[in-house]
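Everything below concerns the one structure shown next.
The values are calculated or read from the model by the stated rules, or taken from the named source; none is laboratory data. The model shown is predicted, which means the values in this text are computed figures rather than measured ones. Every residue, glycine among them, receives a Cβ derived from its backbone with ideal geometry; neighbour counts consider all protein chains shown. For the accessible areas, the whole protein counts, side chains as well, though only heavy atoms, and no ligand, DNA or RNA atoms are used. Shrake-Rupley method; radii C 1.70, N 1.55, O 1.52, S 1.80 Å.
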Amino acid sequence: MIKIYESLSKFLKIIINILFVLQITTMIIVFLTAAYWFFNLINSDVFSFAEPLALTISDMVRLFYDREVQVGGVYVDGSLLLFDIIAIIFVFLIAKIKYYIYMAIDSLTIEIKRCEAEIEKQFNIELQKEVEKNIIRANNVAILVHFAAKNLMVDAFWGGDENEGVKEKEEEAFTAFYASIKSLTGCRFAKTDDKMLILMNDFDKVDNLVSFIEMSVNRISADMRKKKWLVYANISIDVYDNKNNFKTDVYPVLEKLLSINHKNEPLCLGNFPLRYKLKANPMFNCFLKGRYNLGKEYEVWVLVKKN
């Protein structure tokens, strides 16, 4: 449809150019014939060069109108005067026609822009569908959990060794955490140094997994506090597809996120919120925590459970 509108618009512009040339030509002829007629009345030969044109026009007009006009008691040929009057009306009509053609061109321009906007809108919809299709391919979830402990009975006033028993409590928390989550179906677990790696191949179940992890961490923290120990977890989460190399593309990201030391709530990079917003009925909100230098600068997001 755009091609038709554009072709029609070009055609109308050609018509306008033709009318413009015709209008200018007519105005020149009117000027020459009127000047010749006037100076001929006063017996002046200033515009005698226009006589061939004037005589030709007079002969043509006399085919339809053959009357003389009385000017100052003298009868003169009125064919040129009649031609000039008709020509001026013709110039006026051309101006009106050009006005309406310009309006038509403006209407076509509006329609072209509307069609282009519609095409662009449809293109963006198709592009968005393609982008979402590519994002949804990332269906694998990786979560890395690390526990840290602090003796609440050790401070500057009471004294004591703040490192004493820390490793043991962290290991105790780690063991309790694994005992809590090992029965989860559809998950694989691996201990890497002092961290627990959890892998799952079904993104639709990520809410249940994260909720269970947070619940387990909170229960362990509450139990440890009764023993005068503060225990918290650093949690990082990432989403990836089968094209990603887990060892080089995913796990290093998880470790870098843990280094931010955000307590008890999962941290992730921007690819996770992009995938998460396509999930139906999400249980969490993704909030931008800030920009961090993790080898290079990244936007880091935090998952917060909805009330």
Test: Ile260 is touching a Pro at 6+ places or on another chain (Cβ under 8 Å), surrounded by 13 or more Cβ atoms within 10 Å (Cβ to Cβ) and aliphatic (A, V, I, L, M): no
Residue match in the range 177-197 (condition: part of a helix (DSSP H, G or I), open to solvent by less than 50 Å² (accessible area, probe 1.4 Å), over 15 Å from Ala148 (Cα atoms) and touching a helix residue (DSSP H, G or I) at 6+ places or on another chain (Cβ under 9 Å)): yes
Residue satisfying condition, being basic (Lys, Arg), open to solvent by less than 90 Å² (accessible area, probe 1.4 Å) and either under 30 Å from Glu255 (Cα atoms) or part of a helix (DSSP H, G or I) (or both), within set Lys96, Lys129: Lys96
Residue in the range 140-153 that is modelled with pLDDT under 85, under 30 Å from Asn261 (Cα atoms) and loosely packed, with under 14 Cβ neighbours inside 10 Å present: yes
Residue match in the range 162-171 (condition: closer than 13 Å to His146 by Cα and not acidic (Asp, Glu)): yes
Residue match in the range 25-38 (condition: out of contact with any Leu (no Cβ under 8 Å at 6 or more places or on another chain), at pLDDT below 80 and surrounded by 12 or more Cβ atoms within 10 Å (Cβ to Cβ)): yes
Whichever residue in the range 267-291 is open to solvent by 70 Å² or more (accessible area, probe 1.4 Å) and in contact with a Leu (Cβ under 9 Å, 6 or more places away or on another chain) and, among such residues, is farthest from Val253 (Cα to Cα): Phe287
All positions within the range 258-287 that are within 30 Å of the chain's Cα centre (by Cα) and part of a helix (DSSP H, G or I): Asn271, Phe272, Pro273, Leu274, Arg275, Tyr276
